[in-house]
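First the structure, in the form of structure tokens, and then the observations on it.
The values are calculated or read from the model by the stated rules, or taken from the named source; none is laboratory data. Predicted model only: the values in this text are computed from it and were never measured. Methodologically, a virtual Cβ is constructed for each residue, glycine included, from the backbone with ideal geometry; neighbour enumeration extends over all protein chains shown. The protein model used for the area step is the full one, side chains on, heavy atoms only, and it has no ligands, DNA or RNA in it. Shrake-Rupley method; radii C 1.70, N 1.55, O 1.52, S 1.80 Å.
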Amino acid sequence: MYGLVDCNNFFVSCERVFSPVLWDKPVVVLSNNDGCAVAISNEAKALGIRRGDPLFKIQDIVDKYGVFTLSGNHRLYGDMSSRVMMTLSSIFPEIEIYSIDECFINLDGFPQDKLEELAHKAVTMVRRHTGIPTCFGIAPTKTLAKVAVKFAKKYPGYKCVCMIDNEVKRLKALSLTPISDVWGIGRRLSKRFDTLNISFASGFAEMPLKQVKELFNLPGERIWRELNGTPCVEDEPRETDRKQICTSRSFSQMIGEITTLEEAVSAFVTIASRKLREQECFTKSVNVFIQTNRFRDDLPQYYGCTTVFFDEAANDTMTICEAAITGLRKIFRKGYKYKRAGILFPEIIAAENVEHSLFVNDDNRKKRQKVMQVLDDINTSNTLADSVFVATHSPISKIVKQTSRSPLYSTSFDDMIVVKTK
């Protein structure tokens with residue numbers, strides 16, 4: 001059996017943990033530059049606000065109903081996610097983190113008649129330890145667990161836990177699940193099901209296997225098998241298995257000066273390089289790109305991109321930053337107003353696969369690694385977070401609009417909640 005734990009309206013829930021004034025109120029968390037709604041409370045959904053709605057289009061609703069709009073605070077959300085996952089790990093030996101607010105759990109070895117009780121215990125413990133409300137779905141496959149958790153969220157009678165453990169429950173759940181809501185079925189597949197007059201998951205699951213093989217490719221067949229109770233979905237790749245890392249942002253204001261772009265690119269390199277080291281990986285090259293505002297037809301348009309290769313794969317911020325700025329200067333053109341920039345590590349390799357260059361001093365290499373270790377230790381600490389950086393670095397907050405970002409309650413001593421008493 002598999003379990004799926006899904007945090008309810010995760011970004012909104014993180015904000016509510018530290019700001020009780022938001023409880024039972026319509027809340028919207030915004031994307032970079034406060035552009036679009038990326039997380040919405042149930043109260044905001046009831047007002048007609050949908051994920052992806054630009055803020056300017058819903059401003060009338062925000063003003064009329066007093067909707068709280070907050071800038072995304074992803075550092076807070078990441079820390080709260082870690083706390084949720086650590087709590088679950090203390091109960092279950094095998095968890096697979098699927099996203100920032102979801103994880104699959106291998107329930108093999110637990111008595112099946114105790115699974116619901118255990119799931120309720122986990123939901124209660126996560127809420128007590130972190131303040132985050134969650135729902136728990138249990139089923140023989142991951143796809144069915146996804147179905148189960150939707151029922152746990154939608155129907156209060158389940159009390160946050162839904163278990164599909166027999167044929168009657170499976171068939172009932174699939175008959176009530178729109179085919180477009182099935183995990184792995186995107187917009188293109190949904191259109192194909194429309195031509196087949198299949199509206200619910202049960203219609204797909206009841207198709208003969210021979211017909212499924214004729215009409216769908218291998219991923220479609222796997223979904224069919226999963227819906228019929230046969231596990232086919234393998235574990236997702238771990239963070240260390242990713243082959244690329246990209247960090248980019250749209251700027252709050254268009255930028256025309258190369259010095260400001262250099263500061264932004266340095267900030268992107270700092271973020272991406274830290275991820276590299278966390279994965280114990282290196283990159284063979286760095287790709288740099290800049291772009292004007294494609295929505296401004298009244299302005300000249302330009303997109304520049306280049307790749308700088310290293311003699312020896314690198315993961316230290318200083319080496320990569322120097323290369324990225326060199327690339328930026330190569331593609332920069334005066335007279336343009338740039339709205340977006342970013343860097344990409346297109347080819348990542350594990351530390352043990354790095355081919356060392358004969359022209360790089362081994363002692364210098366070791367010293368750089370020690371410097372990066374100290375840098376990471378300082379910048380990930382609660383008291384000195386992000387306090388040491390390369391000279392060209394500029395904080396992301398200076399180039400990205402975040403007018404309503406909440407404090408870093410859980411990762412910065414300066415932002416800890418202070419209670420005053422008389």
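Here are the numbers:
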read-out: Selection within the range 118-155 - farther than 20 Å from Pro93 by Cα, among the aliphatic types (A, V, I, L, M) and outside any helix (DSSP H, G or I); value: Ile132
read-out: Given (1) surrounded by fewer than 16 Cβ atoms within 10 Å (Cβ to Cβ); (2) over 20 Å from Tyr2 (Cβ atoms), number of the condition Thr130 does not satisfy; value: (1)
read-out: Whichever residue in the range 58-83 is of a type in the set (A, V, I, L, M) and closer than 13 Å to Phe11 by Cβ and, among such residues, is most open to solvent (accessible area, probe 1.4 Å); value: Leu70
read-out: Pick from the range 174-231, criterion under 30 Å from the mean Cα position of the chain (by Cα) and of a type in the set (Ser, Thr, Tyr), ranking: surrounded by the most Cβ atoms within 10 Å (Cβ to Cβ); value: Thr177
read-out: Test for Ser404: is it at pLDDT below 75, in contact with a strand residue (DSSP E or B) (Cβ under 7 Å, 6 or more places away or on another chain) and either polar (S, T, N, Q) or surrounded by 12 or more Cβ atoms within 10 Å (Cβ to Cβ) (or both); value: yes
read-out: Test: residue in the range 15-25 that is crowded, with 22+ Cβ neighbours inside 10 Å and in contact with a Phe, Trp or Tyr (Cβ under 7 Å, 6 or more places away or on another chain); value: no
read-out: Looking only at the range 244-265, and only at residues there that are of a type in the set (A, V, I, L, M) and open to solvent by less than 20 Å² (accessible area, probe 1.4 Å), the one that is modelled with the lowest pLDDT; value: Ile245
read-out: Residues (free of Cβ contacts under 8 Å to residues at least 40 places away in the same chain and either more than 18 Å from Tyr303 (Cα to Cα) or among the polar types (S, T, N, Q) (or both)) located in the range 254-270; value: Thr259
read-out: Qualifying residue in the range 266-287 (condition: on the phi < 0 side of the Ramachandran plot, open to solvent by 10 Å² or more (accessible area, probe 1.4 Å) and of a type in the set (Ser, Thr, Tyr)); value: yes
read-out: Spans of helices (runs of 4 or more DSSP H) in the range 1-117 with at least 2 residues more than 16 Å from the chain's Cα centre (by Cα) and touching a residue at least 60 places away in the same chain (Cβ under 8 Å); value: 10-18
read-out: Those residues of the range 142-167 which are within 23 Å of the chain's Cα centre (by Cα) and open to solvent by less than 10 Å² (accessible area, probe 1.4 Å), in sequence order; value: Lys142, Thr143, Leu144, Ala145, Val147, Ala148, Val149, Ala152
